[in-house]
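Let me begin by presenting the structure, written as structure tokens, before commenting on it.
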Ligand SMILES: [Zn+2]
């Protein structure tokens, strides 16, 4: 199965859906990080949630979905763009064995930041008050968009290969008289989906299993891929905030300054000769 997002619509109901699978993008997010399963799976769910959210927004630009809390998982974040290039990371401490999502987070928030290429930045925040990330996101849609939404998220970092997938069902603005019943019916069936089915079935087979009595139209697949924007140049420019004396002090104690990207775990190493460029600028501060 390739990593992809696919929209579907019901011909007879004012309801849309999105299905996402992102097994290799999930693997690349957690590779070289040694996350405990509970943390890795939260990243997987957040990755799928972000992909599903991206589908509900019409934008050209970047989206960041971040959770923060006072529990063992202090922060997890996924960055994505309109082309569904994603990356993610998390910060945690202590033993997370067996902890549920709400136990990992403690008291916390979900923040969604959209930075369009043109136009103003938007930020939405919702308190994480439910037992699962999926339920917290459903809250977000009700509170910020007044849209009834059902979300199912699945991630398994112990599977070989690792698995991450999810489903979103959302009401469309126009309402028929039977809309509430229709929505409840579609959500009840979505609730019967099993992780194994969404991990392995083709989307048309999956939708046929769930909704063989309904007319469902599938739209074009959009690929999801892992991409980290870090580079030697970006790390170097972040070192430019230090002055020559500070850098020389560090280099007296160690041979190089090493910077590890917290997203993709690439380490960039700078020796004195690599840093000379910072001191030869025409900026009078240097
Ligand atoms: Zn990176």
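The values are calculated or read from the model by the stated rules, or taken from the named source; none is laboratory data. No experiment lies behind these values; they were computed from the predicted model shown. A quick note on method: Cβ atoms are made from the backbone with ideal geometry, for glycine too, and the neighbour counts reach across all protein chains shown.
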> If we scan the range 70-87, do we find a residue that is in a loop (DSSP other than H, G, I, E, B), touching a residue at least 12 places away in the same chain (Cβ under 8 Å) and at positive phi?
Replying inline: yes
>> Based on this model, can you work out whether residue 237 counts as within 16 Å of the ligand (Cβ to nearest atom), without any contact (Cβ under 8 Å) to a residue 60 or more places away in the chain and closer than 30 Å to residue 49 by Cα?
In response: no
>> Anything in the range 109-133 that is in a loop (DSSP other than H, G, I, E, B) and surrounded by 12 or more Cβ atoms within 10 Å (Cβ to Cβ)? List them, or say none.
In response: 128, 129, 130, 131, 132
> Filter the range 36-69 for residues that are part of a loop (DSSP other than H, G, I, E, B) and free of Cβ contacts under 8 Å to residues at least 60 places away in the same chain; which is farthest from residue 130 (Cα to Cα)?
Replying inline: 60
> Tell me, which residue of the range 253-264 that is in contact (Cβ under 8 Å) with a residue 12 or more places away in the chain and farther than 10 Å from residue 230 by Cβ is nearest to the ligand (Cβ to nearest atom)?
Replying inline: 258
>> Whether any residue in the range 101-108 is surrounded by 18 or more Cβ atoms within 10 Å (Cβ to Cβ) and in a strand (DSSP E or B) is what I want to check.
In response: yes
>> Only one of 73, 5 is in contact with a helix residue (DSSP H, G or I) (Cβ under 9 Å, 6 or more places away or on another chain) and under 20 Å from residue 107 (Cα atoms). Can you tell me which?
In response: 73
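The rows are residues; the columns are (1) at pLDDT below 95; (2) touching a strand residue (DSSP E or B) at 6+ places or on another chain (Cβ under 9 Å); (3) within 29 Å of residue 202 (Cβ to Cβ).
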site	(1), (2), (3)
5	no, yes, yes
19	no, yes, yes
51	no, yes, yes
56	yes, yes, yes
67	no, yes, no
72	no, yes, no
80	no, yes, yes
>> I need the full set of residues from the range 144-165 which are loosely packed, with under 13 Cβ neighbours inside 10 Å, under 25 Å from residue 100 (Cα atoms) and free of Cβ contacts under 8 Å to residues at least 40 places away in the same chain, in order please.
In response: 160
> Residues of the range 174-213 being surrounded by 13 or more Cβ atoms within 10 Å (Cβ to Cβ), touching a helix residue (DSSP H, G or I) at 6+ places or on another chain (Cβ under 8 Å) and touching a residue at least 24 places away in the same chain (Cβ under 8 Å), which ones?
Replying inline: 186, 190, 193, 198, 199, 206, 211
>> Only one of 278, 218, 239 is at pLDDT below 90, on the phi < 0 side of the Ramachandran plot and touching a strand residue (DSSP E or B) at 6+ places or on another chain (Cβ under 8 Å). Can you tell me which?
In response: 239
>> I'm told residue 222 meets every condition in (1) in contact (Cβ under 8 Å) with a residue 40 or more places away in the chain; (2) within 16 Å of the ligand (Cβ to nearest atom) except one. Can you identify the failing condition by its number?
In response: (2)
> Do you know which residues across the range 205-220 are part of a helix (DSSP H, G or I) and within 24 Å of the chain's Cα centre (by Cα)?
Replying inline: 206, 207
>> Please list, ordered by residue number, the helices (runs of 4 or more DSSP H) wholly in the range 221-279 having 1 or more residues that are under 30 Å from residue 46 (Cβ atoms).
In response: 232-239
